[in-house]
Amino acid sequence: MLNPEHYHSMLIERRDDGVAIVTLNRPKKLNAVDSVMHTELTRFSTDFANDDSLRALVITGAGRAFCAGGDFGPDDQVTENTDGKKLWRESRDIVDNMLSCEKPIIAAVNGYALGLGATVALLADVAVVAPSTQFADTHVNMGIGAGDGGQVIWPFLIGVNRAKYYLMSGDKIGGKEAVEMGLASFIVPEDDQLLPRAIEIASTLAAGAPLAVAASKLAINAYLRSISATVFPLAARAQEETMGSNDHQEAIAAFQEKRAPRFTGK
């Protein structure tokens, strides 16, 4: 059951129409993922899937951002404060559990959706964006490979070569461009229309025939899981290796000191 009392980094709202709203809730950090949120991201889709009173879910972020990726600040770094094996198991579970969920998940992507934040948003069945939305897989900017699901979902949505460019560069994609290239589903004219539009879509899907709705995404997500089974272990291993590099340590120091990193390839 998707119980609000079981979550500390997310707000859970349960509506009477069978729609749940999950809000990533670290607004002062732009909802960057710390160790607590990382663990809870593995559970929300499974708890939702097993909750018989819920039929659709909206995930969004509190404040100015959907999710700014991993927390590389000095207080709580997900990569430093989480056991290595647990981190990789959780990273895989975030992806696989979202893809195993047979109920519709809608992402209302406000502001930045970076790194793992972009992965979570893009793994949703429907991504609704606004003029302020900015997607990017910024792992490369931190001196590490894109290993938490970006290499699974980006090529599926926008094609192999285009995905490789954005994963290698970390360049940002605005909301309008994201819809035009197929990275997102719908765009609203104004930011304040984003969550209402996502809830409207969720309510429409929640009112549909549950078995038919599930059957209409089942095989597609099974295909994505088969891709994940091949891609994820390779991407995660490469990311783990780059996390041990001098470049990654330099990127963290540069981030905390608010300066440009000086990468050496070591």
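Data table
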| read-out | value |
| --- | --- |
| GLY265 vs. criteria under 24 Å from GLY18 (Cβ atoms) and either in a loop (DSSP other than H, G, I, E, B) or modelled with pLDDT under 95 (or both) | no |
| Long-range neighbours under 9 Å by Cβ, at least six apart or interchain, first residue on the phi > 0 side of the Ramachandran plot within the stretch 150-171, second of a type in the set (Asp, Glu) | GLY170/ASP137 |
| Inter-residue pairs, beta-carbon under 6 Å, first part of a loop (DSSP other than H, G, I, E, B) and in the stretch 1-24, second small (Gly, Ala, Ser) and surrounded by fewer than 19 Cβ atoms within 10 Å (Cβ to Cβ), 6+ apart | ASP17/SER203 |
| Selection count where residues are among the aromatic types (Phe, Trp, Tyr) and either closer than 30 Å to GLU13 by Cβ or surrounded by fewer than 17 Cβ atoms within 10 Å (Cβ to Cβ) (or both), scope the stretch 213-234 | 1 |
| Number of positions in the stretch 182-218 that are aliphatic (A, V, I, L, M), farther than 13 Å from ALA56 by Cβ and in contact (Cβ under 8 Å) with a residue 40 or more places away in the chain | 7 |
| So ALA219, is it part of a helix (DSSP H, G or I) and farther than 19 Å from ASP96 by Cα | no |
| Qualifying residue in the stretch 87-99 (condition: touching a residue at least 40 places away in the same chain (Cβ under 8 Å), part of a strand (DSSP E or B) and in contact with a Leu (Cβ under 6 Å, 6 or more places away or on another chain)) | no |
| Whichever residue in the stretch 158-212 is under 30 Å from ALA238 (Cα atoms) and among the aromatic types (Phe, Trp, Tyr) and, among such residues, is surrounded by the most Cβ atoms within 10 Å (Cβ to Cβ) | TYR166 |
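The values are calculated or read from the model by the stated rules, or taken from the named source; none is laboratory data. Everything numeric here is computed off the predicted structure, so don't read it as measured data. Note that we place each Cβ from the backbone using ideal geometry, even for glycine, and neighbour counts take in every protein chain shown.
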